[in-house]
1. Contour minus end-to-end for E32 and H62, with contour as 0.36 nm per residue of separation and end-to-end as the Cα-Cα distance?
2. Residues of segment 172-193 with backbone nitrogen within less than 15 Å of a virtual label 7 Å along the Cα-to-Cβ line of R258, please, listed as ranges.
3. Normalising by the residue count of segment 95-187, find the relative contact order in percent from Cα pairs under 8 Å and 6+ residues apart.
4. Among G162, G118, G172, which one moves the most in a GNM of the chain with springs linking Cα atoms closer than 10 Å?
5. Given Cα pairs under 8 Å that are at least 6 residues apart, what percent is the relative contact order of segment 140-255?
6. Using 0.36 nm per residue, how much length does the chain from D203 to R239 gain when fully extended, once their Cα-Cα distance is taken away?
7. Ranking request for peptides 71-78, 174-181, 314-321, 91-98: highest mean number of other beta-carbon atoms within 10 Å first, then the rest in descending order.
8. Run the helix sum for the chain: -39,500 (n - 2.57) per DSSP H stretch of 4+ residues, divided by residue count, reported at 222 nm to the nearest 500 deg cm²/dmol.
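Quick note: the coordinates plus some simple rules give every number you see, no bench work behind them. Everything numeric here is computed off the predicted structure, so don't read it as measured data. Positions of Cβ are backbone-derived with ideal geometry, glycine not excepted, and every protein chain shown enters the neighbour counts.
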Amino acid sequence: MLQQTTFSAVGPRFRPFLERYPDVRALAAATEDEVLAAWSGLGYYARARNLRRAAIEIVEEHGGRIPRDPSVLGALPGFGEYMAAAVASLAHGARLPAIEANVERVVARLFAIPGHAGTPGLRRSIGERLEKLLPRKRAGDVTAALMDLGQLVCTPRRPACGACPLGEECRGRAMGDPERFPARRPRPATVTLSLAAAVAECDGRVLLVRRRSSWLDGMWEFPSGEAASPEAARRALARRAAGLGLVLSRSAAIGRARHAVVNRRIEIAVFRARPSEQVAGTGPTALHPPPISAAASEIGRWFRPDELEGAAIPTLTRKIAAAALPE
């Protein structure tokens, strides 16, 4: 959960997730939709899918016991070098460097190691230092301590050097500028996009469609269109709505919201839509939500507002719902 997500966002979600899935067998038995719903709001949903896939493999191939061997751990879905090292070190006490952003920052400052944050070269240098630094026993405790030190004291900006137990040995502090280690990578240019979303209501339900793309794949979203301008986004939405058997209202937007993902700044306008059969007066009445078009029958579903809370929907969808639907 903490990979690419802040501690403040993860904190409230960690224990509820463990209560719902207390062991790998419980997680392996869950559907992908259930796991995505439990993960909803944390972003980077490939992590949740891989976590479930890893649990299934652990149950099927390892009898439900998490492997101790780092090479076996590294072959599990979504693990890779860091996750394998972290589990082997923190759970099993292996004397193995597990380098995430906090550990990288603490060690880079402690030894004044040059290099840009997150780059392979810097990670190799950090690993070499940690191989000498880690004790033979309880190495995982030292790794956990370095993580906490980076989270709470040796922070990216304005580190509390006076409270640091390693302050006297820190070369970065001795040089007078610990924040220069590690060097920050240039941020990508900010891109502003317009998104138009359709809220189609029928019998007290709203239509969501399953997203199929590299971003938020498999999550439920309101039908939408994205473009460089609000006008182009609305035209794109109208085309998509027509493919779903919907007619987009010609009236002004009923709600607006904003959302940010990495360097993307998304301006959202929300519009009403209705099933085309209702508009024509020849299809199902408002008391019976009509099926969506055959082409989309595998990816669409009518949700009651109270069902949205437990559905696999991202923060973007929740913002659109908040902008358009009454409490």
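1. So the extension gain works out to 8.7 nm.
2. 190-193
3. After rounding, I find 43 percent.
4. Looking only at G162, G118, G172, the largest GNM fluctuation is found for G162.
5. Relative contact order for segment 140-255 comes out at 16 percent.
6. 10.6 nm
7. 314-321, 91-98, 71-78, 174-181
8. -12000 deg cm²/dmol
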